[in-house]
1. Return yes or no: is residue 170 modelled with pLDDT of 95 or more, on the phi > 0 side of the Ramachandran plot and loosely packed, with under 13 Cβ neighbours inside 10 Å?
2. Quick one: would you say residue 88 is under 11 Å from the mean Cα position of the chain (by Cα) and within 21 Å of residue 202 (Cα to Cα)?
3. Taking interchain pairs and intrachain pairs at least six residues apart, which have beta carbon atoms under 7 angstrom, with the first residue in segment 118-139 and without any contact (Cβ under 8 Å) to a residue 24 or more places away in the chain and the second part of a loop (DSSP other than H, G, I, E, B) and surrounded by fewer than 20 Cβ atoms within 10 Å (Cβ to Cβ)?
4. Please go through segment 206-219 and give me each residue that is surrounded by 11 or more Cβ atoms within 10 Å (Cβ to Cβ) and without any contact (Cβ under 8 Å) to a residue 24 or more places away in the chain, ordered by number.
5. Could you list all residues from segment 127-138 that are buried (at least 22 other Cβ atoms within 10 Å of the Cβ) and touching a helix residue (DSSP H, G or I) at 6+ places or on another chain (Cβ under 6 Å)?
6. Could you say which residue among 65, 84 is over 18 Å from residue 110 (Cα atoms) and in contact with a helix residue (DSSP H, G or I) (Cβ under 6 Å, 6 or more places away or on another chain)?
7. I'd like to check which helices (runs of 4 or more DSSP H) are fully inside segment 1-94 and have at least 2 residues that are modelled with pLDDT under 95 and buried (at least 21 other Cβ atoms within 10 Å of the Cβ).
8. Restricting attention to segment 144-159, does a residue exist that is over 21 Å from residue 175 (Cα atoms), surrounded by fewer than 24 Cβ atoms within 10 Å (Cβ to Cβ) and in contact with a helix residue (DSSP H, G or I) (Cβ under 6 Å, 6 or more places away or on another chain)?
């Protein structure tokens, strides 16, 4: 199983661990969604930390699984899985802190963009390589991290942004050395966990309720273009090229 969760002292710690690059397969995205649903329903959880083991935070969907599965089962599954996981993070009844190291790509942006607070290591980078993969998606979430024109440039060029840039934009709470990332996230989580749980859960509902963008509808709109590109053959061509390079 690529998703692990423990709860102690009011803090739910969710860890993604799927070598070599934390590209989640369809079941991994669904498991991540179910993990956050369980956290929402558990009164012992006052706050959640989402982090990863390995070389980077998240490399998005498992493109090899998609290309090695006949028909469109894996493509549809990945789109549904990402939608469910992103939604579960956003709708989690308690605040979610994302602790990001290394690369955060594609689906990783969806997770981080829907988190409440982001901490990152100095080595962290954030990007959407979707255009190079014949797909679209998670610009909804990238737009929560960087200004509009920066987001558009990142989508068109597929060039990532650094943790320092996102700190400058105010979307990252703190940047630390990689070795200190988990401790920094857990310290912040402990501060939130010490607050009255009912008030914190009410605050989460309140802040989601005043969000100016409906992230669910916006992301689903993006996914429609992914399916359109796939029907045109662009998605399959780009994914075959990507798998061939590996």
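The values are calculated or read from the model by the stated rules, or taken from the named source; none is laboratory data. Small disclaimer: the values here were computed from a predicted structure and weren't measured. Note: ideal-geometry Cβ built from the backbone for every residue, glycine included; neighbour counts use all protein chains shown.
1. Numbers: modelled with pLDDT of 95 or more: yes; on the phi > 0 side of the Ramachandran plot: yes; loosely packed, with under 13 Cβ neighbours inside 10 Å: yes.
Criteria met by residue 170.
2. Numbers: under 11 Å from the mean Cα position of the chain (by Cα): yes; within 21 Å of residue 202 (Cα to Cα): yes.
So residue 88 fits the description; yes.
3. none
4. Hit for segment 206-219 is 214, nothing else.
5. 128, 133, 135, 137, 138, listed by residue number.
6. Details: 84 fails: over 18 Å from residue 110 (Cα atoms).
Unique residue meeting the criteria: 65.
7. Details: elements: 26-41, 63-68, 73-91.
Where helices (runs of 4 or more DSSP H) fall fully within segment 1-94 and carry at least 2 residues being modelled with pLDDT under 95 and buried (at least 21 other Cβ atoms within 10 Å of the Cβ), they are 63-68, 73-91.
8. Checked against the condition, which is being over 21 Å from residue 175 (Cα atoms), surrounded by fewer than 24 Cβ atoms within 10 Å (Cβ to Cβ) and in contact with a helix residue (DSSP H, G or I) (Cβ under 6 Å, 6 or more places away or on another chain), segment 144-159 yields at least one hit.
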